[in-house]
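Peer 1: Next up is a structure, given as structure tokens.
The values are calculated or read from the model by the stated rules, or taken from the named source; none is laboratory data. Owing to the predicted nature of the structure, the values given are computational and were not obtained by experimental measurement. Neighbour counts are summed over all protein chains in view; Cβ atoms, including those assigned to glycine, are modelled from backbone coordinates with ideal geometry.
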Amino acid sequence: MSSGVRNRSLSPRAARGHDFRRRYRLTCAALVAMGGLLLARAADVQIIHHRFYLRQAEARMLRHHPLRAHRGTLYDRHGTVIAGSAPVASLWIDPREFFDASGSVEALATALDADATALARLLARDRKRRFVYLPGFRRGDPTSFEALLARAPAGVHLQREFKRFYPQSDLFAQVIGITDIEGRGVEGLERMFEARLAGRAGYRDVIIDRKGRPVELRDRGRPARAGEDIVLSLDSRMQYTLHAGLGPAAQRHGAAAASVVVLEVGSGQVLAMVNWPTYNSNNPGAGPIDAHRNRAVTDVFEPGSTVKPFTVAAALDAGVITTTSTFNTHPGWIRNGRFTTRDYQDLGVLDTTEVLKKSSNVGISLISRRLSSDQLHDMFAALGAGHPTGSGFPGERSGTLADTHAWSGTSKQTMAYGYGLSMTTLQLANAYATLANHGVRVQPTFELGRSPVRTRAMPAHVAEQVLSMLATTSGPGGTATRARIIGYPIAGKTGTARKASAGGYARRYTSLFAGLVPADHPRYAVAVVVDDPDARLGGYGGGTVAAPIFSELIGRVLHLTDIAPETRD
């Protein structure tokens, strides 16, 4: 009997049993196949491509949390903190993560107590970004921000940072400078020492949950390396004393600005550098941007009579004069090409010392005529004119000292008394320190303990002769009588320079005094520069404006030192 006949002859019950067995076999085969596929997939995921899938999972759940480096601290020479860093925190959001978790702008605004409209604009603008700071939540109290984070929706994160602070506010403002919102030095010594102060940022790997909360710390990561602490040459006590006095003094004279620099003679260390007007370093945006300028290194001026000692030094070095050479300044003026150089009165016959003591323009012109242009130029250049001091301060100007081939027929004579070249306050102080340092110019430095660079500018005996002459200027008949400090002999020179303007010189002035104290064994070189004093408020000359400021301020400074005043029987 055929199979077809047999099947047709099966009873209904037998047929149902046959179908069941067939379905059972098919089900078992399907289960075996599925199991095989699952085993193959498991082998692929866990064995063959284990590392690939692990990286994929980590990419979705692993986060690199940045670790900000602690910025190095700046100390003064006595260990007083000038610039430090305090721990702060910032809240930021990952917009993609926020929207992937179906985040609500209203819920975010409620959690942060922030403006929902502003947040909506922010998230719409930066929807595809992975990192956006939340406005109003930068560099705040870490504890408060941690509390906000705890109730914030997925996508909000906290970043720990450091905020720069300046305990002495405006005292060192232009010298120390400031950092930007990211903590990078952008002005002053903060910028100059950026590479050393910044340190190196690190990170840690964190596993996050679906709400973006860290749930596991991993061993992988790199610790942050703190920046270097730096001890500066600056003296907070001196700086405070000069700062407290310079502003009021400049205002009394109706000046536009003023600067004072104090250098330690032997080391070249900058002990104090004060500018007025100033600003609050902790709130730099509140003051005028012009106040941020460190005028002592960025502003140049024609130094006027303060360079006359260097003209004398060039002539002594060249052997064309001696300390006892005489010069007939009668009738009180002298022709210089188409110009006339004048003294304030007919001073008659003067020896070399008296030329400096009485600040005779005619006398110094006669001395300059005995020099070649190269001899005068080279002395000024050796003292630092025409190139930066080497202090490294950002934005330091070099001043101007033209090559002699660019000099006119009148240049040598006018340069001899400080016109036709320009300097900064720091350059002027450094040049005077060279006289006190036996003719050796020491490169200024802002760092304590740094080995100074030394170059000889003039023979020691020449420097000593000029220094001896300068000690007479504050005596009777000298132009610097108002620079005297009771108990302390000084050596210095006044200067008054008309300010250049379009087409010539305006009736506006720079008032200057540069000096060394104490004169017999100088420890400090000081330069005082007052910009545009009002002649109606006590004059404009170096002897009537800058010299008294020197006397007042440096007199106070000396009381902070171990230099005992002279006593007279």
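Peer 1: What tally of residues in segment 499-517 results from selecting those that are at pLDDT below 95 and either closer than 17 Å to residue 428 by Cβ or touching a Cys at 6+ places or on another chain (Cβ under 6 Å) (or both)? Steps first, please.
Peer 2: Looking only at segment 499-517, we keep the residues that are at pLDDT below 95, and these are 499-508.
Checking the rest, the ones that are also either closer than 17 Å to residue 428 by Cβ or touching a Cys at 6+ places or on another chain (Cβ under 6 Å) (or both) come to 499.
Number satisfying all stated conditions: 1.
Matching residues to (1) charged (D, E, K, R); (2) surrounded by 15 or more Cβ atoms within 10 Å (Cβ to Cβ); (3) touching a helix residue (DSSP H, G or I) at 6+ places or on another chain (Cβ under 9 Å):
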position: 300; (1), (2), (3): no, yes, yes
position: 305; (1), (2), (3): no, yes, yes
position: 316; (1), (2), (3): no, yes, yes
position: 322; (1), (2), (3): no, no, yes
position: 333; (1), (2), (3): no, yes, yes
position: 339; (1), (2), (3): no, no, yes
position: 358; (1), (2), (3): yes, yes, no
position: 363; (1), (2), (3): no, yes, yes
position: 375; (1), (2), (3): no, yes, yes
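Peer 1: Condition first: farther than 14 Å from residue 226 by Cα, surrounded by fewer than 21 Cβ atoms within 10 Å (Cβ to Cβ) and small (Gly, Ala, Ser). Can you find one or more residues in segment 186-198 that meet it?
Peer 2: No.
Peer 1: Consider segment 138-190. How many of its residues are over 30 Å from residue 277 (Cβ atoms) and not polar (S, T, N, Q)?
Peer 2: Filtering segment 138-190 down to residues over 30 Å from residue 277 (Cβ atoms) leaves 140-161.
Still in the running and not polar (S, T, N, Q): 140-142, 145-158, 160-161.
Number of matching residues: 19.
Peer 1: If you check residue 435 against the conditions, is it farther than 30 Å from residue 335 by Cα, in the same structural domain as residue 539 (by TED's automatic domain parsing), at pLDDT 95 or above and not in a strand (DSSP E or B)?
Peer 2: Details: farther than 30 Å from residue 335 by Cα: yes; in the same structural domain as residue 539 (by TED's automatic domain parsing): yes; at pLDDT 95 or above: yes; not in a strand (DSSP E or B): yes.
It is true that residue 435 is farther than 30 Å from residue 335 by Cα, in the same structural domain as residue 539 (by TED's automatic domain parsing), at pLDDT 95 or above and not in a strand (DSSP E or B).
Peer 1: Sticking with this structure for a sec: Tell me the residue from 131, 137, 193 that is of a type in the set (A, V, I, L, M, F, W, C) and under 30 Å from residue 241 (Cα atoms), please.
Peer 2: 193
Peer 1: Please enumerate the residues belonging to segment 518-569 that are polar (S, T, N, Q) and either at pLDDT below 95 or over 24 Å from residue 464 (Cα atoms) (or both).
Peer 2: 544, 561, 567
Each row is one residue, and each column tells you yes or no for (1) within 17 Å of residue 150 (Cα to Cα); (2) touching a strand residue (DSSP E or B) at 6+ places or on another chain (Cβ under 8 Å); (3) at pLDDT 90 or above; (4) not aromatic (Phe, Trp, Tyr).
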site: 74; (1), (2), (3), (4): no, yes, yes, yes
site: 95; (1), (2), (3), (4): no, yes, yes, yes
site: 102; (1), (2), (3), (4): no, no, no, yes
site: 121; (1), (2), (3), (4): no, no, yes, yes
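Peer 1: Hey, residue 114 hits all of (1) part of a loop (DSSP other than H, G, I, E, B); (2) in contact with a helix residue (DSSP H, G or I) (Cβ under 6 Å, 6 or more places away or on another chain); (3) surrounded by 14 or more Cβ atoms within 10 Å (Cβ to Cβ) but one; which does it fall short on?
Peer 2: Of the numbered conditions (1) part of a loop (DSSP other than H, G, I, E, B); (2) in contact with a helix residue (DSSP H, G or I) (Cβ under 6 Å, 6 or more places away or on another chain); (3) surrounded by 14 or more Cβ atoms within 10 Å (Cβ to Cβ), the odd one out for residue 114 is (2).
Peer 1: Still on this structure: Which ranges mark the strands (runs of 3 or more DSSP E) fully within segment 195-295 that have 2 or more residues being at pLDDT below 95?
Peer 2: Strands (runs of 3 or more DSSP E) meeting the threshold: 202-208, 214-222.
Peer 1: Given the conditions (1) in a loop (DSSP other than H, G, I, E, B); (2) surrounded by 13 or more Cβ atoms within 10 Å (Cβ to Cβ), which single one is not true for residue 500?
Peer 2: Among (1) in a loop (DSSP other than H, G, I, E, B); (2) surrounded by 13 or more Cβ atoms within 10 Å (Cβ to Cβ), residue 500 violates only (1).
Peer 1: Only one of 384, 418, 409, 449 is surrounded by fewer than 18 Cβ atoms within 10 Å (Cβ to Cβ) and within 22 Å of residue 304 (Cβ to Cβ). Can you tell me which? Full working, then the answer.
Peer 2: Values: 384 fails: surrounded by fewer than 18 Cβ atoms within 10 Å (Cβ to Cβ); 418 fails: surrounded by fewer than 18 Cβ atoms within 10 Å (Cβ to Cβ); 449 fails: within 22 Å of residue 304 (Cβ to Cβ).
None of the other options fit; the residue is 409.
Peer 1: On to the next question. Of the residues 544, 567, 479, 510, which is in a loop (DSSP other than H, G, I, E, B), in contact with a Gly (Cβ under 8 Å, 6 or more places away or on another chain) and in the same structural domain as residue 272 (by TED's automatic domain parsing)?
Peer 2: Answer to the selection: 479.
Peer 1: Tell me which residues, restricted to segment 153-165, are in contact with a Leu (Cβ under 9 Å, 6 or more places away or on another chain) and either surrounded by 21 or more Cβ atoms within 10 Å (Cβ to Cβ) or more than 20 Å from residue 88 (Cβ to Cβ) (or both).
Peer 2: 153, 155, 156, 157
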